[in-house]
Amino acid sequence: MTDKAIVCKDLCKQFGDFTAVNRISFDVNKGEIYGFLGANGAGKTTAMRMLCGLSYPTSGEATVAGYNVYRQQEAIKRNIGYMSQKFSLYENLTVRENIRFYGGVYGLSDSQLKEKGVELIERLGLGKEMNKLVGELPLGWKQKLAFSVAIIHQPTIVFLDEPTGGVDPVTRRQFWDLIYHAADQGITIFVTTHYMDEAEYCHRLSIMVDGRIDALDTPAELKRKYSARTMDEVFYALARGAKRSAD
Amino acid sequence: MKQFLVFVRKEFYHVFRDKRTLLILFGLPIAQVLLFGFALTTEIKNAQIVVVDYSKDVATQQIITRIAASPYFSLDREVLSYADMERAFRRGKIKCAVVFPPHFNEDLLHGHKAQVQIIADASDPNTDRTLSNYLNAIIGEYQHDLNANIPVPYQIKTEITMLYNPEMNGSMNFIPGVIALVLMIACTTLTSVSIVREKEMGTMEVLLVSPFRPLYVILSKAVPYLALSLMNFTIILLLGVFLLDVPIRGNLVLLFAESLFFILSCLSFGLLISSFTSSQQTAMMISMMGMMLPTILFTGFLFPIENMPWPLQVISNIVPAKWYYSIMKTVMLKGLGITAVWKESLVLVGMTCALLAISLKSFKIRLA
């Protein structure tokens, strides 16, 4: 096994004559927090779907957690966690039922489920809300719970698709504490976001423009390269050249 | 397998916590049975009737007694004259009247021929027809009894010539139709909505990214609704038997087996709809409207298919509910076995398999 969580080389995805993802290449190290940035319509979601085993690339090579995206989709699915921009827990199930459901889907045994569940509930301080319907929880807690549930099976990599949409800054900060905690445990974090302050929290990040990766480096290095003070400026400098309109 | 059970349990949580789903699942069949059984029945009970008897003899008295005893009529009173009767009609107090001319019994005994006039409030043609048919039947019965021991038959002439079977129970034909309708709506709607809901909420994506196989996602959706639909079917049958006196003459196992196939075809239809829609509302609209209309129109339980123009008759053949309805009627009401319905069953099974295959395929395509 290499020390790379994701290896991606010349990955392409075409829909008809539209090239959604145009020969992107990047590596993500194990335990790294990797930011995957880009304007709407730049091809982030398409790229992410290929890496998650939801669609086949048109060409190029990629391995996720050491498994090939063409041939080993099932193995990839077992080794990744996923949390989407849409809130991904069941609102009319209780906290406990959601944990048991997702744990069950990932094939955790009853004893593992119990242990993990207790640990998770304690870390989030949700003890009292255990039997409440998730729909009744405030959005911030739902989001944190969704993240914790997404990594309940100790995946190698967790994919976060705009996980903090619509959440206030304080909760976002708390959310990132959870992300750091997970990264400390060796879980690789692959995150897309529109918040540039969040981009600063990433170890390394790439910015997609029109299906290509136009920049890839640490936040500090990117700012230096584009002689910008903030990530915002870096992003605008790159995104301004985009030809595709946002959808 | 454990994953599968976890999923099925989750589906049941969804069903029992969603009032709307519960309403469709259990409120709908009950409402439909009551509606079709009572409100939409073509039977008329306790219609107000008056008798004008210019004869006042044994024969008219006996006929009047029979009318009074019938559950279809409530004999208001005997009025003395034609004018009284006309007044009662004008005030809308009565639905129909029977007029015996003078010397009714005499005519009957000596001339072997007597006349009776039935007058009905014609403002509601359907009611009118039904009521006069009832009356005709009652008089016909009397005449039949009268003639039992007599060589030269007596004849009572009424104005109505159509015969009606007073034994006919209006709810009988409705029940198989209602079953088809309810199963169609409940299964199709609930399956499609429950799958589309996951898409809408974003949980479907999470499921697809999980190692849980897409086929299992569908199966574990189908299993709870299959179970609930069979329960639904049982409820309607029980309501029909105990509330509307509909007999179940055929084999119960066969009924359940045929229903199972029909439910499966409904489930696959729901699945198919869910593949092409992305919001719960659209799925609901399509499955409610798209299913309800063809089911009502083309099963033949409200409108006879034989009377439709041939293009519609051809179209009716692709509606699974039509075949199911025909099977149910034959097995349930006529009490015939598989030998009588094997053709229809074959069509139903074929349709089910085809629908299932198409829907599974379209679900897979969507994933790619």
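The values are calculated or read from the model by the stated rules, or taken from the named source; none is laboratory data. All values reported here derive from a predicted model rather than from experimental measurement. Every residue, glycine as well, gets a Cβ built from its backbone with ideal geometry; the counts of neighbours run over all protein chains shown. Calculation scope for accessible area: heavy atoms of the full protein, side chains included, ligands and nucleic acids excluded. Shrake-Rupley method; radii C 1.70, N 1.55, O 1.52, S 1.80 Å.
In units of 2.2 N^0.38 Å, what is the alpha-carbon radius of gyration of the range A:1-42? Numbers along the way, then the final one.
On the way: Rg = 12.7 Å, N = 42, 2.2 N^0.38 = 9.1 Å.
Scaled against compact globular proteins, the figure is 1.40.
Under 18 Å Cα to Cα from A:LYS223, which aspartates and glutamates show up? Leave out anything in the same chain fewer than 8 places away.
Leaving aside aspartates and glutamates fewer than 8 places away in the same chain, those within reach of A:LYS223 are A:ASP197, A:GLU198, A:GLU200, A:ASP214, A:ASP232, A:GLU233.
State the Cα centre-to-centre distance between the range A:207-247 and the range B:242-310 in whole Å.
Rounded to whole Å, the Cα centres lie 56 Å apart.
Could you list which residues have their amide H under 5 Å from that of B:TYR54, counting only those 5 or more apart in sequence or on another chain, with H placed in the peptide plane?
B:PHE100
When DSSP beta bridges are limited to those with both residues in chain B, what percentage is antiparallel, rounded to the nearest 5?
Percent antiparallel among DSSP bridges in chain B is about 20.
As a quick test, which of the pairs A:LYS86/A:LYS144; A:LYS144/B:LYS199; A:LYS116/B:LYS2; A:LYS13/A:LYS144; A:LYS4/A:LYS114 have an alpha carbon distance above 24 angstrom in this structure?
A:LYS13/A:LYS144; A:LYS4/A:LYS114
In the range B:195-216, which residues give up 30 Å² or more of accessible area once the other protein chains are added, compared with their chain alone (1.4 Å probe)?
So the qualifying set is B:MET201, B:THR203, B:GLU205, B:VAL206, B:LEU207, B:LEU208, B:VAL209, B:SER210, B:PRO211.
With the solvent-accessible surface defined on protein heavy atoms using a 1.4 Å probe, which residues belonging to the range A:62-86 display a reduction of at least 50 Å² in accessible area in the multichain context relative to the isolated chain?
A:LYS77, A:TYR82, A:LYS86
Restricting to Cα pairs below 8 Å that are 6+ residues apart, what does the relative contact order work out to for chain B? Please round to a whole percent.
Relative contact order comes out at 18 percent.
Give, in nm to one decimal, the length gained when the segment between B:TYR82 and B:PHE12 is fully stretched (0.36 nm per residue of separation minus the Cα-Cα distance).
18.5 nm
Under the rule of -39500 (n - 2.57) per DSSP H run of 4 or more residues, summed and divided by the residues of chain A, what mean residue ellipticity at 222 nm is obtained, to the nearest 500 deg cm²/dmol?
-11000 deg cm²/dmol
Treating cross-link reach as a plain straight distance, find the lysines whose alpha-carbon is under 17 Å from the alpha-carbon of A:LYS243, omitting any fewer than eight places away in the same chain.
A:LYS243 reaches A:LYS44.
Residue-wise, which Karplus ³J(HN,Hα) couplings in Hz belong to the range B:232-249, taking 6.51 cos²θ - 1.76 cosθ + 1.60, θ = phi - 60°, and x for glycine or proline?
Listing the rounded values in order: 4, 4, 4, 4, 5, 4, 4, 4, x, 6, 8, 9, 10, 6, 8, x, 10, 8 Hz.
Considering only C-alpha atoms, what is the centroid distance from the range A:135-190 to the range A:33-109, in Å?
Each part reduced to its Cα centre gives a spacing of 14 Å.
To check you understand DSSP bridge types, tell me what percent of the beta bridges within the protein assembly as shown (both residues inside) are antiparallel, rounded to 5.
Working: 25 of 56 bridges.
The antiparallel fraction comes to roughly 45 percent.
Can you compute the FRET efficiency between B:LEU243 and B:LEU109 using 1/(1 + (r/R0)^6), with r the Cβ-Cβ distance and R0 = 41 Å? Round to the nearest 0.05.
Once the sixth-power term is evaluated, E becomes 0.35.
Starting from the alpha-carbon convex hull of the range A:1-92, give the projected area averaged over all orientations, in nm². Write out the running numbers ahead of the final one.
Working: hull surface 28.6 nm².
That works out to 7.2 nm².
Could you name the lysines in cross-link range of B:LYS56, using Cα to Cα under 18 Å and dropping any fewer than eight places away on the same chain?
B:LYS113, B:LYS157
Please give the per residue accessible area of the protein assembly as shown, computed with a probe of 1.4 Å over protein heavy atoms only, in Å².
Working: 27990 Å² over 615 residues.
It amounts to 46 Å² per residue over the protein assembly as shown.
Report the residue, chosen from B:GLU86, B:GLU258, B:GLU200, that carries the largest GNM mean-square fluctuation when chain B is represented by alpha-carbon nodes joined by springs under 10 Å.
Maximum fluctuation in the GNM of chain B, among the listed residues, is at B:GLU86.
In square angstrom and rounded to 100, what buried accessible area do you get between chains B and A, total over both, with the probe at 1.4 Å?
Buried area between the two chains comes out at roughly 2500 Å².
If you take the C-alpha gyration tensor of the protein assembly as shown, multiply each eigenvalue by 5 and take the square root, what semi-axes do you get, largest first, in whole Å?
On the way: eigenvalues 1090, 104, 96 Å².
Largest first, the protein assembly as shown gives 74, 23, 22 Å.
For chain B, how big is Rg over Rh, using alpha carbon atoms and the Kirkwood form of Rh? Show your work: numbers first, answer last.
Working: Rg = 27.5 Å, Rh = 24.0 Å.
A ratio of 1.15.
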